[in-house]
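Asker: Before I ask anything, let me first share the structure, which is written out below as structure tokens.
What follows is calculated from the coordinates using simple rules that are stated; it is not laboratory data. None of the values given here were measured: they were computed from a predicted structure. Positions of Cβ are generated from backbone atoms using ideal geometry, with glycine treated the same way; all protein chains shown enter the neighbour counts.
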Amino acid sequence: SGPSSLSQVSTPCVVAAMAMALAMRRALGQLAGCRRDFLGQACAAGVAVGRPTLPRMRPAGTAPASALGARGGARAFASGKDSKDEVLLDSWVCPDALYEATMGGDEETSLDVDQQFIHDFGRRNEVWRQRVLREDPDLFTQIKAGQSPKYLWIGCSDSRVAAENMIDARPGEIFVHRNVANLVVNTDFNVRAVLKYAIDYLKVEHVIVCGHYDCGGVKAAFKNQDHGDPLESWLANIRDVYRYHQEELEAIINEEERHKRFVELNVVEQCLNLFKTSDVQRRRAHTGSRPDKFDCAFPRVHAMVFEPSDGILRRLPIDWKEYIKKYRNVYQLYDADDFVSSYEGA
């Protein structure tokens, strides 16, 4: 009687479990159908789902699989599909090259604003790339391996003063940070993160602060006008430079010459702000105390100014030895043998 009663009790349980499993299977099927519908709608609308990826880049000269907007179909968001036509979201595919994006369409005049932008940028990128391949065929292989620049450049965001242009630099030569009026603000996490990475990880040997005449940020700081935050808060740092050197600046009669001197003094003050940071001092103290490994204390700090009217970079002399003697009790954080003398010629 025992087995029989057990069978009677177990059968309803088994039936209930089977019914529950069937219901779950149906629910999962419905979810999968919804997922397929969602992916199809998203692809049709051009919305990235999961990890967005695009068709693999084609060799130069081959016809593109699609164009922008109405010129092409939905872009793929993954590397392929499974046997049930499910989109796979577990891999990456190289995006289209810009110069290929609008190929195969109608006349260039039919492009909309965004398409025209992509077309122009893609063409310029391809012209540059082909020129590099002619002049230095191994460059892209070299920079793919990583970067080891010797220079950190802190400059202005002005579109006329790109560091790479001014010294005819190759890709990988200069680590660059740019902001309005080339400021080094010690509470600015952006510049401090760049400085930390450049000094401690890239181990750059030279840090350049470069200003330029006709600087809009410096001109704005001249005016007693509220430019609105966050710009006004940023310009307050430049106004402080004017306050430090007010007597010298107001003694200059010509307004253009006063502006130029203001630009120069701003660069000098940013170099001093740079020197005050723990990152620079720690690295200089370490390298300055190891003559067996380093020729001098690194990084070296340089002040420069660019003249847009003639394209010339000009050096701004700073008496580092005098500044260190004057302010070492205030700012010096690290000791090293011959700490002061290591700055001669910086």
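Asker: What percent do you get for the relative contact order of region 206-294 when only Cα pairs under 8 Å and 6+ apart count?
Answerer: Values: 46 pairs, mean separation 29.2, N = 89.
Relative contact order, region 206-294: 33 percent.
Asker: My understanding is that a pair violates if its Cα-Cα distance is over 27 Å; which of Lys150/Lys321; Lys223/Lys325; Lys293/Lys326; Lys203/Lys321; Lys150/Lys223; Lys196/Lys219 do that in this structure?
Answerer: Where the Cα-Cα span goes over 27 Å, the pairs concerned are Lys223/Lys325; Lys293/Lys326; Lys150/Lys223; Lys196/Lys219.
Asker: What is the distance, in nm, between label points placed 7 Å from the Cα along the Cα-to-Cβ direction at Phe222 and at Ser148?
Answerer: The two pseudo-label positions are separated by 4.6 nm.
Asker: With only alpha-carbon atoms in the gyration tensor, what are the semi-axes of the equivalent ellipsoid for region 237-296, in Å, largest first?
Answerer: Sorted largest first and rounded, they come to 35, 12, 7 Å.
Asker: Next question, about the same structure. How much length, in nm to one decimal, is gained on full extension between Cys94 and His286, taken as 0.36 nm per residue of separation minus their Cα-Cα distance?
Answerer: Values: separation 192, 0.36 × 192 = 69.12 nm, distance 4.33 nm.
In short, 64.8 nm is gained.
Asker: Provide the FRET efficiency to the nearest 0.05 for the Asp240-Ala162 pair, computing r from the beta carbons and using R0 = 25 Å.
Answerer: Between Asp240 and Ala162 the formula returns 0.40.
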